[in-house]
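Novice: Just passing along the structure, written as structure tokens.
The values are calculated or read from the model by the stated rules, or taken from the named source; none is laboratory data. Values in this document were obtained by computation on a predicted structure and should not be read as measured data. Cβ sites come from the backbone with ideal geometry, for glycine too, and all protein chains shown count toward neighbours. Just the protein is used for accessible areas: all its heavy atoms, side chains included, with ligands, DNA and RNA removed. Shrake-Rupley method; radii C 1.70, N 1.55, O 1.52, S 1.80 Å.
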Amino acid sequence: MKAKRPVLLITAAVLLLLAAAVLRPWRPSFARLRSGRALNVILVSVDTLRADRLGCYGFRGIRTPTIDGLAAGGVRFARCIAPTPLTLPSHTTIMTGTLPLFHGVRDNGGFVVPQGLTTLSECFRGAGYATSAFVAAYVLDGKWGLNRGFDTYFDKFDLSRFEKISLASVQRPADEVMDEALAWLDAAKDGPFFSWIHLYDPHTPYDPPPPYDAQYPNHPYLGEIAFTDAQLGRLTAFLETSGLGEKTVLVFVSDHGESLGAHEEGTHGFFVYQEAIHVPFIVATPFPRLHGVVSDRVVSLADVMPTILEMAGLDRPPAVQGTSLVPLFFDPDRKLAGTGRAYSETYYPRFHFGWSELRSFLDGRYKIIISPEVELYDLEADPREQKNLAADLGLLAPIRDQALRFMEEGSRGAFTADMKGIDEETRQRLAALGYVGTFADPNRLKGRSLASPKSKIGVFNELSRAREMGLEGKADEAVRIIQGIVASDPDITDAHFALGNVYFKAERYAEAAAAFLTAYELRPDDAFTVINIANSYQRMGKAEMAEVFVLDHIGRGFEDPQLFFLLGRLNFERKRYDESVSFYERCLSLNAESAAAHNALAAIWILRDDLDRAERHLRAGAAVNSRLYGLSYNWAQLHEKRGDFDKAAAAYLQELDHSPKNFRASFNLARLFRKLGRDEDDSKYLKLTIDLAPDFALSYFYLARIQLNRGENLAEALSLVKKGLELKPEPADAPLGYFLLADLYNRRGDQAKSNEFARKGREAAAKASR
């Protein structure tokens with residue numbers, strides 16, 4: 001009998017374990033709700049949407065039924081904090097689960113998402129999901145690095161449409177974005193899929209479409225939110241009617257808020273007060289148990305990625321700093337490790353003005369803002385952050401120490417910012433369009449006592465006002481304001497750069513060059529400034545001076561593929577093709593994936609009839625960026641030289657699809673249709689060319705010639721030719737205008753004028769041939 005005791009003991013132990021398992025309370029989990037299914041995930045990020053302007057966050061001055069419905073049918077986080085009030089850095093946090101402290105993307109433009117970070121889309125694609133993104137603003141164009149891991153990345157922003165821009169002004173409305181997204185979702189509904197939809201309408205300028213403009217006549221920001229909500233309604237209706245709602249999780253967030261005049265800030269980016277960083281965060285699921293849940297825990301946008309990955313049952317990359325909030329779905333008041341505190345920052349004042357950055361830390365109740373003018377607020381008693389408690393050292397010291405430790409830990413192993421990862425074509429076009437891309441030289445700031453942004457908000461607002469005036473053509477007033485700013489603070493790089501832009505737009509190129517040169521002295525390694533100085537010299541008719549300046553800059557040790565690309569263009573425009581080839585090849589030696597350099601070389605080899613070499617460069621450029629400005633145009637030129645006019649016409653049409661403002665494509669397309677005897681199409685694209693480039697004289701001449709040949713609308717033809725001649729065409733083109741006038745007056749029986757213009761035509765032709 002004794003020999004059997006161990007067996008009885010083991011049996012008893014097993015029974016005890018089984019009893020404990022049976023008696024242990026059942027713990028809900030998302031994995032149990034999912035039951036092994038691969039749920040679809042849609043992430044919607046609405047730009048510039050502060051939480052306290054939504055009905056579900058307590059605001060009564062707006063109707064947002066769709067977003068309120070998501071909150072009612074999901075989990076709403078009442079206290080989510082954005083890591084920065086800037087679009088690209090904040091979305092980098094959303095897509096990587098890391099803070100700006102770690103990922104290093106600290107401003108819009110000039111920064112590129114580090115290659116070493118795994119993105120949310122890469123996780124989904126690696127798990128076999130179809131992936132797509134539809135973005136509404138150029139600040140999230142694929143070239144900034146968030147396109148990694150997406151099978152489809154709908155950006156397609158055409159900079160040629162703009163005369164002058166800020167990075168934020170290149171955008172598309174929510175209905176256009178939603179059209180593209182819904183078409184993709186319908187095709188991918190068999191799933192599983194991950195789709196990111198970005199909407200930008202609440203961002204300035206506030207211009208809501210009807211009827212929202214009339215519904216919110218004095219509050220256009222609210223009108224934009226209401227319009228956005230209606231477009232989201234299209235998405236939720238599609239999910240319901242398609243049956244996808246039962247197998248899809250929809251995550252709704254904003255990247256940052258909007259100050260709307262609070263603390264004297266009109267928009268966002270400059271301060272880190274709550275109105276700019278308190279954002280909505282809602283997770284809507286098909287599970288009734290998770291409907292109408294509200295958590296008051298402080299959370300961060302860094303928590304979005306790990307939360308989504310846990311819901312999908314996917315592993316989180318090791319670099320992720322955020323916390324999965326799934327446990328709060330079931331126990332919203334739980335003190336979950338990693339929550340209850342949040343970090344936010346803005347380096348915009350430092351990069352653009354040479355003032356101090358702002359870094360904030362919220363521990364649940366108290367919030368510190370670290371700068372030369374330290375601020376401390378009790379958000380329970382003072383949610384509008386009006387009473388600075390920083391003088392109370394007993395309150396200040398503990399949270400300051402906690403904040404500094406958090407920042408130190410969050411920065412360990414951080415990525416170095418990549419501020420030169422933008423392709424040459426983009427940088428060239430941004431500079432030519434007046435994009436303010438300067439950054440204050442960090443070396444000049446070392447050892448200096450930096451000004452508190454709070455004390456400089458008036459200067460910031462004045463400079464913003466001056467920029468708007470410059471864009472509106474009010475150059476004198478803009479110049480007066482900016483000159484006053486630089487007189488009081490001559491080290492504001494952006495002020496000198498903005499002054500140069502105002503002068504350049506007003507065609508005061510010598511003054512523009514002088515202003516850009518001052519900006520260059522403050523930041524001698526900024527390629528945007530170098531490009532603008534060269535452009536100013538070129539507009540002054542001093543291309544040689546532009547080239548000497550750029551070469552001198554390179555000689556100081558600032559080798560940049562963009563600058564060799566610029567030198568290639570300067571020489572190409574002077575028909576110095578050998579030198580141009582040399583510079584473009586030097587650009588490629590520094591950046592082998594420069595689609596722009598390949599395209600530029602192709603243009604030269606087409607001119608030289610080396611078509612095979614041209615084709616090799618076109619194919620290399622297309623492999624990097626098939627939608628590059630001018631690439632399809634050069635394909636068309638190549639096909640024309642080979643006599644394949646149908647392919648040439650298709651390529652010109654493709655160029656116009658990619659770059660609708662490329663008037664040379666429309667003009668050459670008209671010329672091609674003329675060769676093919678398609679007069680109606682010839683006329684159509686000449687009229688388009690006039691719309692796109694009203695100062696291009698040849699379009700008027702050729703359109704008039706069509707009417708002359710038809711013997712109709714001769715009075716209009718006469719006006720067209722006269723308009724073309726008023727535009728002072730190139731010497732080689734002027735004879736055509738005079739001979740057309742001679743023919744037209746001959747048709748009208750005015751032989752004297754016909755003879756007069758025939759004579760002028762012969763004189764112009766002789767002059768052009770010299």
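A quick yes/no check of all residues on (1) without any contact (Cβ under 8 Å) to a residue 24 or more places away in the chain; (2) out of contact with any Leu (no Cβ under 7 Å at 6 or more places or on another chain):
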| residue | (1), (2) |
| --- | --- |
| Leu703 | yes, no |
| Asn713 | yes, yes |
| Lys728 | no, yes |
| Pro731 | no, yes |
| Leu736 | no, yes |
| Ala742 | yes, yes |
| Arg759 | yes, yes |
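Novice: Which residue pairs have Cβ atoms closer than 6 Å, lie 6 or more positions apart in sequence or on different chains, and pair a first residue in the range 489-501 that is under 13 Å from Ser536 (Cβ atoms) with a second residue that is β-branched (Val, Ile, Thr) and open to solvent by less than 10 Å² (accessible area, probe 1.4 Å)?
Specialist: As it stands, the answer is Phe497/Thr438; Leu499/Ile482, since those pairs meet every condition given.
Novice: Hey, does the range 200-217 have a residue that's acidic (Asp, Glu) and surrounded by 17 or more Cβ atoms within 10 Å (Cβ to Cβ)? Even if it seems obvious, please write down each step before you answer.
Specialist: First pass over the range 200-217, keeping only residues acidic (Asp, Glu): 201, 207, 213.
If we keep only those that are surrounded by 17 or more Cβ atoms within 10 Å (Cβ to Cβ) too, we end up with 201.
Scanning the range 200-217 turns up at least one residue that is acidic (Asp, Glu) and surrounded by 17 or more Cβ atoms within 10 Å (Cβ to Cβ).
Novice: Which of (1) of a type in the set (Phe, Trp, Tyr); (2) over 22 Å from Asp303 (Cβ atoms); (3) touching a Pro at 6+ places or on another chain (Cβ under 8 Å) is the odd one out, the single condition Phe134 does not satisfy?
Specialist: (3)
Novice: A further question follows. Does Arg678 meet the test of being within 30 Å of Glu716 (Cα to Cα), open to solvent by 10 Å² or more (accessible area, probe 1.4 Å) and free of Cβ contacts under 8 Å to residues at least 60 places away in the same chain?
Specialist: Values: within 30 Å of Glu716 (Cα to Cα): yes; open to solvent by 10 Å² or more (accessible area, probe 1.4 Å): yes; free of Cβ contacts under 8 Å to residues at least 60 places away in the same chain: yes.
Spelling it out, Arg678 is indeed within 30 Å of Glu716 (Cα to Cα), open to solvent by 10 Å² or more (accessible area, probe 1.4 Å) and free of Cβ contacts under 8 Å to residues at least 60 places away in the same chain.
Novice: Only one of Leu607, Leu638, Leu588, Leu618 is more than 26 Å from Gly142 (Cβ to Cβ) and open to solvent by less than 50 Å² (accessible area, probe 1.4 Å). Can you tell me which? Steps first, please.
Specialist: Values: Leu607 fails: open to solvent by less than 50 Å² (accessible area, probe 1.4 Å); Leu588 fails: more than 26 Å from Gly142 (Cβ to Cβ); Leu618 fails: more than 26 Å from Gly142 (Cβ to Cβ).
Every option except Leu638 fails the conditions.
Novice: Filter the range 685-716 for residues that are loosely packed, with under 15 Cβ neighbours inside 10 Å, part of a helix (DSSP H, G or I) and of a type in the set (Gly, Ala, Ser) and give the result.
Specialist: Answer for the range 685-716, where residues must be loosely packed, with under 15 Cβ neighbours inside 10 Å, part of a helix (DSSP H, G or I) and of a type in the set (Gly, Ala, Ser): just Ala715.
Novice: Continuing with this model, one more query. In this structure, does Arg106 turn out to be open to solvent by 10 Å² or more (accessible area, probe 1.4 Å) and touching a Cys at 6+ places or on another chain (Cβ under 7 Å)? Talk me through it step by step, then tell me what you get.
Specialist: Numbers: open to solvent by 10 Å² or more (accessible area, probe 1.4 Å): yes; touching a Cys at 6+ places or on another chain (Cβ under 7 Å): no.
For Arg106, the condition - open to solvent by 10 Å² or more (accessible area, probe 1.4 Å) and touching a Cys at 6+ places or on another chain (Cβ under 7 Å) - is not met.
Novice: Quick check on the range 234-256. Is at least one of its residues open to solvent by 10 Å² or more (accessible area, probe 1.4 Å), in contact with a Lys or Arg (Cβ under 7 Å, 6 or more places away or on another chain) and not in a loop (DSSP other than H, G, I, E, B)?
Specialist: Scanning the range 234-256, I find at least one residue that is open to solvent by 10 Å² or more (accessible area, probe 1.4 Å), in contact with a Lys or Arg (Cβ under 7 Å, 6 or more places away or on another chain) and not in a loop (DSSP other than H, G, I, E, B), so the answer is yes.
Novice: Out of the range 119-140, which residues are at negative phi, part of a loop (DSSP other than H, G, I, E, B) and surrounded by fewer than 21 Cβ atoms within 10 Å (Cβ to Cβ)?
Specialist: Filtering the range 119-140 for residues at negative phi gives 119-127, 129-140.
Going one step further and asking which of them are part of a loop (DSSP other than H, G, I, E, B), we end up with 119, 127, 129, 135-136.
Correct list: Ala127 only.
Novice: Sticking with this structure for a sec: Scanning the range 182-199 for residues that are open to solvent by 10 Å² or more (accessible area, probe 1.4 Å) and touching a residue at least 12 places away in the same chain (Cβ under 8 Å), which turns out nearest to Ala237 (Cα to Cα)?
Specialist: If we filter the range 182-199 for residues that are open to solvent by 10 Å² or more (accessible area, probe 1.4 Å), which is where we start, we get 182-184, 186-192.
So of that shortlist, the ones also touching a residue at least 12 places away in the same chain (Cβ under 8 Å) come out as 182, 184, 186, 188-189, 191-192.
Working: Leu182: 11, Trp184: 15, Asp186: 12, Ala188: 16, Lys189: 14, Gly191: 18, Pro192: 19 Å.
If we take residues in the range 182-199 being open to solvent by 10 Å² or more (accessible area, probe 1.4 Å) and touching a residue at least 12 places away in the same chain (Cβ under 8 Å), then Leu182 is nearest to Ala237 (Cα to Cα).
Novice: Give the residue that is farthest from the chain's Cα centre (by Cα), with candidates limited to residues of the range 252-300 that are farther than 30 Å from Arg37 by Cα and aromatic (Phe, Trp, Tyr).
Specialist: The initial filter retains those residues of the range 252-300 that are farther than 30 Å from Arg37 by Cα, namely 256-279, 298.
With the extra rule that they be aromatic (Phe, Trp, Tyr), the set shrinks to 270-271, 273.
Values: Phe270: 18, Phe271: 21, Tyr273: 24 Å.
In this case the residue turns out to be Tyr273.
Novice: Residue pairs, Cβ under 6 Å, 6 or more apart or interchain, first in the range 85-106 and under 18 Å from Trp196 (Cα atoms) and polar (S, T, N, Q), second open to solvent by 10 Å² or more (accessible area, probe 1.4 Å) and at pLDDT below 95. List them.
Specialist: Pairs found: Thr87/Asn108.
Novice: Looking for something modelled with pLDDT of 90 or more and either over 30 Å from Val459 (Cβ atoms) or assigned to a helix (DSSP H, G or I) (or both) - is there at least one such residue anywhere in the range 366-389?
Specialist: Of the residues in the range 366-389, the ones modelled with pLDDT of 90 or more are 366-389.
Next, from what is left, pick out any that are either over 30 Å from Val459 (Cβ atoms) or assigned to a helix (DSSP H, G or I) (or both): 380-381.
Yes.
Novice: With the structure loaded, tell me whether Ala487 is under 17 Å from Val459 (Cβ atoms), of a type in the set (A, V, I, L, M) and open to solvent by 50 Å² or more (accessible area, probe 1.4 Å) or whether it fails that test. Reasoning before the result, please.
Specialist: Working: under 17 Å from Val459 (Cβ atoms): yes; of a type in the set (A, V, I, L, M): yes; open to solvent by 50 Å² or more (accessible area, probe 1.4 Å): yes.
Yes, satisfied.
Novice: Would you confirm, using the coordinates I've provided, whether Phe329 is touching a Phe, Trp or Tyr at 6+ places or on another chain (Cβ under 7 Å), of a type in the set (A, V, I, L, M, F, W, C) and not in a loop (DSSP other than H, G, I, E, B)?
Specialist: Working: touching a Phe, Trp or Tyr at 6+ places or on another chain (Cβ under 7 Å): yes; of a type in the set (A, V, I, L, M, F, W, C): yes; not in a loop (DSSP other than H, G, I, E, B): yes.
Spelling it out, Phe329 is indeed touching a Phe, Trp or Tyr at 6+ places or on another chain (Cβ under 7 Å), of a type in the set (A, V, I, L, M, F, W, C) and not in a loop (DSSP other than H, G, I, E, B).
Novice: Is there any pair with a first residue in the range 207-233 that is on the phi > 0 side of the Ramachandran plot and at pLDDT below 95 and a second that is among the basic types (Lys, Arg) and part of a loop (DSSP other than H, G, I, E, B) whose Cβ atoms are under 9 Å apart and which are 6 or more apart or on different chains, and what are they?
Specialist: Cβ pairs passing all conditions: none.
Novice: Scan (1) open to solvent by less than 60 Å² (accessible area, probe 1.4 Å); (2) free of Cβ contacts under 8 Å to residues at least 40 places away in the same chain; (3) under 15 Å from Val135 (Cβ atoms) for the single condition Asp179 breaks and write down its number.
Specialist: The single condition Asp179 does not satisfy is (1).
Novice: Filter the range 744-760 down to the residues that are part of a helix (DSSP H, G or I), over 14 Å from Lys722 (Cβ atoms) and of a type outside the set (A, V, I, L, M), then identify the one that is least open to solvent (accessible area, probe 1.4 Å).
Specialist: Keep residues of the range 744-760 that are part of a helix (DSSP H, G or I), which gives 744-747, 751-760.
Next cut, over 14 Å from Lys722 (Cβ atoms) only: 746-747, 751-752, 754-755, 758-759.
If we keep only those that are of a type outside the set (A, V, I, L, M) as well, we get 746-747, 751, 754-755, 759.
On the way: Asn746: 78, Arg747: 132, Gln751: 89, Ser754: 10, Asn755: 87, Arg759: 100 Å².
Restricting to residues being part of a helix (DSSP H, G or I), over 14 Å from Lys722 (Cβ atoms) and of a type outside the set (A, V, I, L, M), the top hit is Ser754.
Novice: Mind counting the residues in the range 339-361 that are open to solvent by 10 Å² or more (accessible area, probe 1.4 Å) and assigned to a strand (DSSP E or B)?
Specialist: Result for the range 339-361: 1.
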